[in-house]
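Quick notes on the structure that follows.
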Amino acid sequence: MHRIGAFFRVSFVTDVGKPPAGPVTKATNPGEYPIFNYVFNENLIVGLIIAKPLLNVGGYPKIKVKVKVMSMYEVTISNRSSLIEAELKALYQVSQVLSGSLDPREILQGVLQELHEHAGMERGMVSLLDPDSGELSIGAVHTGDPVRAAMVRYRVGEGITGAILKMGKTVVVERIADEPRFLDRLGLYDAVLPFIAVPIRVGGDEPVGVLAAQPHTGDDGLLDERARFMEMVANLIAQSVRLSWQVERERRDLTDERDRLRREVRGNYGFDSVVGHAPAMRRVFEQVRQVAKWSTTVLLRGESGTGKELIANAIHYNSPRAKQSFIKLNCAALPDNLLESELFGHEKGAFTGAVSQRKGRFEQADSGSLFLDEIGETSPRFQAKLLRVLQEGEFERVGGARTLKVDVRIIAATNCNLEAAVETGDFREDLYYRLNVMPIFMPSLRERPEDIPDLARFLVAKVAKQQGRTLEIADSAIRILMRHTWPGNVRELENLLERAAIMSVEGAIDRDVISLTGLEDEVSLNTGTASQAMVDLQDPELDERERIIAALEQAGWVQAKAARLLGMTPRQIAYRIQTMKIKMRTI
């Protein structure tokens, strides 16, 4: 052996393809014998056996080898450079995985795959802390049965995984077989290889999980470098975990809010929210219960303000479509061209101002219900287009050629005389029969005066909730309400009570407050009406002020007559009228 520059020339006599003893790695080029490493005087000889024999001696080729002598430090530096290059590539791939999805399981599985392919970290596993149970569960595993993995749990402090969560420190095991705490509940790991596990921290707080894997080799002296790389990956995973937690928390909050709103809507639009015990209303309730079970088209008839929209809500939210959309549209509020675009939608550029495609109410209500109020106010031209949707369940957007199909339940409402409109040609007869499958007639408030007391108390409670205070309505106020004819029906009653609530002192709505609204000037105060005769002056629920007002009403506001009804003297009733600040009426 003699030195030539930085190289040595060494001759080995051996069998073809059998290098001298020592650690061996595989050749990468065809026609070459395996690369071999040979330790000589504490230096590492790295050589490549050339395939061409120089001299055949005794049937064996004599092979001349050109080698470079490198110190162990030089080899370590070379290996570390290669490792860093591989880890940088792996980090880039991991970042691509993290930015490519919001599904935490998909992200973790992708990260473990990149560690396996680009960083030489095999049998990767991510365990995450379950905040409910306080135990670690396996969020992802690179190899093995995912069903079995999902069943594995680690208590805090149990095994290496649990110990890392408890200590919050990285653990490097040079050989798994020498570590008694290693449990290997999945049966995946190679007992002779190292094991690296690092904590996953979110925002520097207590660990919320553990990232673990095995290097493919343990004799390169680079376990500490690999551990630092794993810590970097764990930091990236932590950001993804934080984001997934935030998304899950917001999703859960939105789900809870949706469920709360649905419960509230069901409460607002269920049968309990429709007040009435008059025979006419009982018939309506029975019809609603029957028709809600089916997808039949419903036509609500009645005067304005009788509660047609409330009944439409009750039908939808008590039907099998209750979890789907309930879309509403007032047909009288829009001209034909806008009404068509609003219901059917439009394509981009369909008309001036159509800068983008827009879904119509029919598409929004697909699988749900569509409430068309004031259907009797539409033109025959629009009615023809609406008829096609009712018959075929299909339509085209304005400016579009593609036919769309929808499954929508129609609930229509009108205060018009559709039969007369059909006679005059203002309403299509075929559309009338399509809509009039299940007609429900809403009674006016004057047809059910016995419902006014309950309605008034219900509406006052509703206004009180809106205003965030306590409100009460006195019987004297209710008696005035019962004498009014209510041409605006329930809507007029609700508006008046909201106005009275604003004018009330300390939340008490009595006769004097109703007088301030101007309603009493419109009410007939003839004595001896049925509403006055019904008042029981001995009713124990009447306080003294209400009892005196009731007596004055029955006596036509003559104090002497009212005193006799109450068994008082005129002086006594006059004193009470003055001290109780009862406003007298002049008849």
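Which of the following residues is modelled with pLDDT under 80 and surrounded by fewer than 17 Cβ atoms within 10 Å (Cβ to Cβ): Ala530, Ala508?
On the way: Ala508 fails: modelled with pLDDT under 80.
Going through Ala530, Ala508 in turn, the sole match is Ala530.
Go over the candidates Gly393, Gly376 one by one and state the one that is touching a strand residue (DSSP E or B) at 6+ places or on another chain (Cβ under 7 Å), within 23 Å of Thr297 (Cβ to Cβ), buried (at least 16 other Cβ atoms within 10 Å of the Cβ) and not acidic (Asp, Glu).
Within the list Gly393, Gly376, the selection yields Gly376.
Filter segment 433-475 down to residues that are under 16 Å from Gly376 (Cα atoms), surrounded by fewer than 18 Cβ atoms within 10 Å (Cβ to Cβ) and not hydrophobic (A, V, I, L, M, F, W, C) and give me whichever is farthest from the chain's Cα centre (by Cα).
Looking at the filtered set, the residue picked out is Tyr433.
Filter segment 130-182 for residues that are part of a loop (DSSP other than H, G, I, E, B) and of a type in the set (Phe, Trp, Tyr) and give the result.
The answer is Phe182, and nothing else.
If the requirement is being assigned by TED's automatic domain parsing to the domain that holds Arg105 and modelled with pLDDT of 90 or more, which of these qualifies: Val198, Val173?
Val198
Determine whether Gly203 is within 30 Å of the chain's Cα centre (by Cα) and buried (at least 21 other Cβ atoms within 10 Å of the Cβ).
Considered against the rule, which asks whether it is within 30 Å of the chain's Cα centre (by Cα) and buried (at least 21 other Cβ atoms within 10 Å of the Cβ), Gly203 comes out as no.
Could you tell me whether Val233 is in a helix (DSSP H, G or I), touching a helix residue (DSSP H, G or I) at 6+ places or on another chain (Cβ under 9 Å) and touching a residue at least 60 places away in the same chain (Cβ under 8 Å)?
Yes, satisfied.
Based on this model, can you work out whether Val192 counts as out of contact with any Gly (no Cβ under 7 Å at 6 or more places or on another chain) and surrounded by fewer than 15 Cβ atoms within 10 Å (Cβ to Cβ)? Reasoning before the result, please.
Values: out of contact with any Gly (no Cβ under 7 Å at 6 or more places or on another chain): yes; surrounded by fewer than 15 Cβ atoms within 10 Å (Cβ to Cβ): yes.
Yes: the conditions hold for Val192.
Looking at segment 104-122, can you tell me whether even one residue there is at pLDDT below 85, among the polar types (S, T, N, Q) and under 21 Å from Ala238 (Cα atoms)?
Scanning segment 104-122, I find no residue that is at pLDDT below 85, among the polar types (S, T, N, Q) and under 21 Å from Ala238 (Cα atoms), so the answer is no.
The values are calculated or read from the model by the stated rules, or taken from the named source; none is laboratory data. This one's a predicted model, so the numbers in the text were calculated from it and none came from an experiment. Every residue, glycine as well, gets a Cβ built from its backbone with ideal geometry; the counts of neighbours run over all protein chains shown.
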